[in-house]
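Every number here is computed from the coordinates shown, using simple stated rules; none is lab data. Keep in mind that what you see is a predicted model, and the values were worked out from it rather than measured. Every residue, glycine among them, receives a Cβ derived from its backbone with ideal geometry; neighbour counts consider all protein chains shown.
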Amino acid sequence: MALWGISSTSETAANNYAIPKFQRDTDRNRSPWNTFADARGWIQRRYKTRENSGISTRYFDEVLVPIPDLNITNVGVNSQSAGIGTAGPVAVFFEDPNLASPISVGGGATTGIATNTTGYVHVVFNELVFASAGATVSIRAFDANGANETTRIVATAASVNPAATQYAWAGTAATHGSPNVYTGYNGQITNRVSFAFTSPSTVLTANVNFLTGITTGPTVAIGATQIFVDSLAGVSAGSSLSVAGKLTNVAVTGVGDTFVYIGTGSTIGSTILAGTAATFSTRTNATRLVIDATRGFIGLITDGSNGVGVISSFTQQFGNIIRNVAGAGTTSGVGLGTTTLTVS
């Protein structure tokens, strides 16, 4: 049974957080992040809606392997059956704004999220938990360079429709053979808790560098508008140019084979010698949102087996929790399945 991860002492990144070890990255949106322990054993939840989280009440559970009381430490005959103990977080990431499902590793794409739009952070546990509405996760906001931090955003645990019925195999298997029924519970009963937030109504502006080189001859005299450089990859009219100690983010008005033109108003009272550092940048209007991993979550989320508070830190026992989960958008920093999301 070692492959089923039932050790209560090995809930770490190296041990796949006790989640069945054969469930890796082939379909990260559904396994392992929708696989969890409850009183029945290892369960894989398959959602019938595009919202793959606890705010959806339409799903079916597949019992991957029956291990009664898996979600409780040291239970069973003579206490010889080792459960996985108190629920702990195994992943945290921004929900795919496009709600694509399933999301394959390296597949799909996203353009980020628009201003003044509702987005979601997902906190995933390796066991069933009860998450009361109002628990929070902190989101930091930076410009496109990851600098000039502005006001933080609070993501708040949402609740299913109060009239909706939720089901859970909580407690121990010995106490029931069917799920407990919960009506009017203000929160989510799940392993994948959804925290809602509203993106900023305005975005930050920054010059994002994309090309660094040097100036080449001839020397640029006072009043000149033509500057020779060693590379023009990606440069176009509208790009910005900075020359060390001489020019700062001046507009490029035209591009030649080996030179650029800048406006007369940008010239300076000294010459620019060949070999001076030159940097091209693009003026970018965007805010970069980053989940604050140092804070964890704050609020009432309890273990489904015994009602005690779950591990709330993202950085202690589960030191490698911050992981790419969804795959798409991971190279450009727009954050699908990561801890970063761009607002534009």
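Does anything in region 230-246 have its amide N under 20 Å from the 7 Å Cα→Cβ label point of D257, and if so which residues?
230-237
Tell me which residues come under 5 Å, amide H to amide H, from G296 once H is placed; ignore anything under 5 positions away on its chain.
For G296, whose amide H was placed from the backbone, the distant partners under 5 Å are F314.
Which ³J(HN,Hα) values, rounded to whole Hz and listed in residue order, are derived for region 216-231 from phi using the Karplus coefficients 6.51, -1.76 and 1.60 in 6.51 cos²θ - 1.76 cosθ + 1.60 with θ = phi - 60°, glycine and proline given as x?
10, x, x, 4, 8, 8, 4, x, 6, 10, 10, 10, 8, 9, 7, 8
Give the long-range amide H neighbours of F210: residues separated by 5 or more places, or on another chain, with amide H under 5 Å away, using H modelled in the peptide plane at 1.01 Å from N.
F280, S281, T282
Can you tell me how much longer the chain between T151 and T248 gets when fully stretched, taken as 0.36 nm per residue apart minus their C-alpha distance, in nm with one decimal?
32.2 nm
Evaluate E = 1/(1 + (r/R0)^6) for T205 and S270, where r is the Cβ-Cβ distance and R0 equals 35 Å; express this FRET efficiency to the nearest 0.05. Don't jump to the answer; show the numbers that get you there.
Numbers: r = 29 Å, r/R0 = 0.82.
So the FRET efficiency works out to roughly 0.75.
Tell me, what ³J(HN,Hα) does each residue in region 156-166 have, in order and in whole Hz, if you take phi through Karplus 6.51 cos²θ - 1.76 cosθ + 1.60 with θ = phi - 60° and put x for Gly and Pro?
10, 4, 7, 10, 5, 3, x, 7, 6, 9, 10
If a/c stays under 1.5 just call it rounded; otherwise compare a/b with b/c (prolate if a/b is bigger, oblate if not). Do that for region 197-271, with a ≥ b ≥ c from the square roots of the Cα gyration tensor eigenvalues. Intermediate values should be presented prior to the final figure.
Numbers: a/c = 2.52, a/b = 1.92, b/c = 1.31.
The shape class here is prolate.
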